[in-house]
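None of the figures in this text is laboratory data; all of them are computed from the coordinates on show. Note that this is a predicted model, so its numbers are computed, not measured. Every residue, glycine as well, gets a Cβ built from its backbone with ideal geometry; the counts of neighbours run over all protein chains shown.
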Amino acid sequence: MDEHGFLFSAFVFLAAAVVVVPIAKRSGLGSVLGYLIAGVAIGPFGLTLITNPEDILHFAEFGVVMMLFLIGLELEPRMLWRMRKPIAGLGGLQVAVTTGILCTIGLAAGLAWQTSLAVGMALALSSTAIALQTLNEKNLMGTGGGRSAFSVLLFQDIAVIPMLALLPLLAIPALAAAGGGDGHAEGALAGLPGWLRALVVLGSVVAIILAGRFLIRPVMGFIAASRIREIFTAFALFLVIGIALLMQVIGLSPALGTFLAGVVLADSEYRHQLETDIEPFKGLLLGLFFISVGMSIDFDVAAAAPVIVTALVLGLMAVKFVILTGLGRAFGLPLSQIMLFACVLAQGGEFAFVLFQFAVTEGAIPAPTAALLTVVVALSMALTPIVILLHDKVIQPRLGRRQQADDMDPIEDGGHPVIIGGYGRVGQVIARLLNAHGIGTTLLDHDPDQIDMTRRYGSKSFYGDVMRLDLLRAAGVERARMFVVAIDDEEQAVELTQLLKEHFPHLTVMARARNRPHAYALMKAGADIYRRETFLSAVDMGEAALRHLGFGAYRARRAARRFARHDIDTLIDSFDIYEDEKALMSFSRARVDDLEQVMVQDAGQFHDDHEDSGFDGGHPDGKKTD
Amino acid sequence: MTGVLILFAHPNLERSRVNRTMRDAVAGLEQVTVHDLYDAYPDFDIDVAAEQARAEAHHSLVFHHPFYWYSCPAILKEWMDLVLTHGWAYGQDGTALSGKQLMSAVSTGGSVRAYAEGGSTRHTITQFLAPFDQTANLCGMNWQEPFVFHGTHDTNNEAIEQHAVAYRARIEALRDAGAT
């Protein structure tokens, strides 16, 4: 990778990120700007620790691919279909209008029409990585402006494909000879006739959808059943990389392909698990991507023509900002959302790098122009976090009063108020009862068979290790009101209760206890509500026995309930004793001990000679009768 | 429509002599349904639809219970509160019970003499049963002469047996009257 070797490069990257990013984040600049600064610092114009930013940029672009996959996972096909209008309308207009105006400016500046058009197209694109990372970091994806920005970015990702196809047609003969246009971006299908290529592309997309539905899910089920965590992670990576490769071969954008795969898998039971597995890789690669953008800013070019570069950067952002504002207004966004939408998309994007490079080889743009514009795009990307900062600190506060209502937009991914961890017999009954009253439940379980079964009956259930904080977050714990701990493992149920109370104190935790000692442990762990799983059915059987022995139904029921109350009272009373004596005892040992204690308590105080004397007649005064 | 539905309410039947004997006397009679409310709903969670269907299927209803605090045991009141709904039992379209017979069959601890204007309870049984009489009236039902056993605290097996036989005859008469 470098003359210093791979490990040294990795060390420098990580060190820069670890030092700069937390500081940037703390000081309110956001992580994206932090990464960019770190990149400048270690790059050719900083400490020159890394000298080949282009190679790394190429590698790190995979972070964007992974991000699109994760975004796809968040978007169910239904939602995507609902967004078809903003994607095609808003996105289409943004690309068309921006390309047109930038092209006109290029012509006015005396560029050849081919170059003007190529530049206009490339600069019309915004940075998916920066925009989405910023929106996610600020939790603005659910707002009107955030969704509109996402629609535009999605359309841009699609638009890159025809743009790449168009560039060879824009070749200026004199330049093309110098560039030597090999058309590599067309991939392995370059030799095929147009209609066949279209067919292959269409076939691949259909194949991804079909495989996602009918092949990947069972395979994931099989892998999940093996319960080897790292293999599931490996499979998730395999999936993303495989699709990206396939897309490259057929000449589509890898980001678009993985996005599609993500959408197909969005309503799968393994969604949360995939999210948690890919997330760290995406985070690191995206960070690397931002660092390499920072490194690749060519300060020599900027220094050679500081006035022109400054004018171009500000001009580009101003033009894009104005167009986006107009579109936001035309599509009926409220003012505060228009500002967010315009600020977050007003930069050049990473696809511009690719397009410039390709345009130079095809001979559509002269190399010096491309170098200048690459710097302009990189600087505009670097400026975006600052623009967003300005937006947050200056623009929004002035719109503050009006903004409140917009931000209350319903969260689209349908976070349920109740999350049930452990979907066995106990969890199922609770979920069914709640569902019967229109209360949504999100189900988590580590057993793929269980999840598979419930999904066949239309439940929203996910596979994963409930002990992982990131999975819990992905399942929407932060928005939920209640968490039902119904996992089989006793020790784990206690740990989970502790974990939930510690990290999500707002949450009401209800836990299923196996027995008395387990109930004590759960109480100690902070469970707000607990029930012993076998206790009430045992009482119920006792009641049935009383009935069989001649007690009337009503009398037997009252006797059973009285007994249950007594038992629950003693359970609570003896919690303190348990605290002192049995804290260090294993559950099984404690269970035997505890039974003994309960027997003693019953012998001592609970002989139920209650007879409901109120029903009996006392004196013949007409009060109560036979 | 079959005959008589006896809504039987006694929370402590094991201790009962009078009402259990009465119940046994009518149990198994043709076209007579004895429905033990405390047995069916020990949690008081009355199945309203099932109860309404059952009531609709009979032409006569009997509230059979001991007299508790000059009224019925709680579950029968719960039954009335839940089952006799507006639009079903009363109100403009509430004609489900219209034209049916309603009779109270009650037992009191106090004697006949006690249940009189000058007696220790200061009111007659007819006066005490006014809420049931009016319930029948509101629902368009024909209120029947109540069937009463006074003085359960001071009685003997023979009297109880006699009363049970009379009860059986009364229920049969109610059944046959409604059938015509």
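Averaged over peptide B:117-124, how many Cβ atoms belonging to another chain are found within 10 Å of each residue's Cβ?
1
Give me, ordered by chain and number, the residues 5 or more places off B:MET141 or on other chains with an amide H under 5 Å from its own placed amide H.
Here B:GLY99 satisfy the definition.
Would you mind giving the mean number of other chain beta-carbons within 10 Å of the Cβ of each residue in B:149-156, as a whole number? Write down the numbers at each step before the final one.
Numbers: counts 2, 3, 4, 5, 10, 1, 2, 0.
Mean inter-chain Cβ contacts per residue within 10 Å come to 3.
What list of ³J(HN,Hα) values in whole Hz, one per residue of segment A:31-37 in order, does the Karplus curve 6.51 cos²θ - 1.76 cosθ + 1.60 (θ = phi - 60°) give from phi, with Gly and Pro shown as x?
Karplus-based 3J(HN,Hα) across segment A:31-37 equals 6, 4, 4, x, 4, 4, 5 Hz.
Once you average over the residues of A:550-561, how many Cβ atoms of partner chains fall within 10 Å of each Cβ? Don't jump to the answer; show the numbers that get you there.
Numbers: counts 1, 1, 11, 10, 16, 7, 1, 5, 2, 0, 1, 2.
Per-residue shielding by partner chains comes out at 5.
Quick check: convex hull of the Cα atoms in the protein assembly as shown, volume per residue, rounded to a whole Å³? Working shown, then result.
On the way: hull volume 200.0 nm³, N = 806.
Dividing the Cα hull volume of the protein assembly as shown by its residue count gives 248 Å³.
How long, wide and thick is segment B:26-105, going by the Cα atoms along their three principal axes, in whole angstroms, largest first?
33, 29, 24
Taking the number of other C-beta atoms within 10 Å as the exposure measure, put B:TRP143, A:TRP81 in order starting with the fewest.
Details: B:TRP143 16, A:TRP81 9.
In order of increasing Cβ crowding within 10 Å: A:TRP81, B:TRP143.
Measure out, as a whole number of angstrom, how far apart the alpha-carbon centroids of segment A:197-273 and segment A:517-561 sit.
That distance is 49 Å.
Taking neighbour counts of Cβ atoms within 10 Å as a proxy for exposure, in what order, fewest first, do A:SER126, A:SER336 appear?
On the way: A:SER126 29, A:SER336 24.
With the sparsest Cβ surroundings first, the list reads A:SER336, A:SER126.
Normalise the Cα radius of gyration of segment A:1-146 by 2.2 N^0.38 Å (N = residues in it) and let me know the number.
On the way: Rg = 19.2 Å, N = 146, 2.2 N^0.38 = 14.6 Å.
Normalised Cα radius of gyration, segment A:1-146: 1.31.
Which shape class, rounded, prolate or oblate, goes with segment A:55-399 when its Cα gyration tensor gives a ≥ b ≥ c as root eigenvalues, a/c under 1.5 marks rounded, and past that a/b bigger than b/c marks prolate? Before the final figure, lay out each step's value.
Values: a/c = 1.72, a/b = 1.27, b/c = 1.35.
Note, shape of segment A:55-399 comes out oblate.
When the helices in the protein assembly as shown are scored as -39500 (n - 2.57) per DSSP H run of 4 or longer and the sum is shared across all residues, what 222 nm value do you end up with, to the nearest 500 deg cm²/dmol?
Working: 36 runs with 486 residues, N = 806.
Computed mean residue ellipticity for the protein assembly as shown: -19500 deg cm²/dmol.
Please report Rg over Rh for segment A:223-341, where both radii come from the alpha carbon positions and Rh follows the Kirkwood definition.
Working: Rg = 20.7 Å, Rh = 18.5 Å.
Computed over Cα atoms, the ratio is 1.12.
Starting from the Kirkwood radius over alpha-carbon pairs of segment A:324-378, derive D by Stokes-Einstein at 10 °C in a medium of 1.306 mPa s and give it in µm² s⁻¹.
On the way: Rh = 12.9 Å.
Reported coefficient: 123 µm²/s.
Past the 18 Å Cα-Cα mark, which pairs from A:LYS138/A:LYS393; A:LYS320/A:LYS393; A:LYS282/A:LYS393; A:LYS85/A:LYS282?
Numbers: A:LYS138/A:LYS393 13 Å; A:LYS320/A:LYS393 21 Å; A:LYS282/A:LYS393 29 Å; A:LYS85/A:LYS282 29 Å.
A:LYS320/A:LYS393; A:LYS282/A:LYS393; A:LYS85/A:LYS282, as the Cα separations exceed 18 Å there.
Please report the base-10 log of the normalised intensity I(q)/I(0) for chain B, using a Debye sum with one equal scatterer per alpha carbon and no solvent, at each q in 0.17 (1/Å).
So the normalised log intensities are -1.12.
Equivalent ellipsoid semi-axes for segment A:531-576, as square roots of 5 times the alpha carbon gyration tensor eigenvalues: give them largest first, rounded to whole Å. Don't skip to the answer; put the middle values down first.
Values: eigenvalues 107, 24, 8 Å².
So the equivalent ellipsoid measures 23, 11, 6 Å along its semi-axes.
Treating each Cα of segment A:98-150 as an identical point scatterer and ignoring solvent, apply the Debye formula and state log10 I(q)/I(0) at q = 0.24 Å⁻¹.
Here the Debye-derived log intensity ratios amount to -0.76.
Output the antiparallel fraction of DSSP beta bridges having both residues in chain B, as a percent to the nearest 5.
Numbers: 1 of 25 bridges.
Counting DSSP beta bridges with both partners in chain B, the antiparallel share is about 5 percent.
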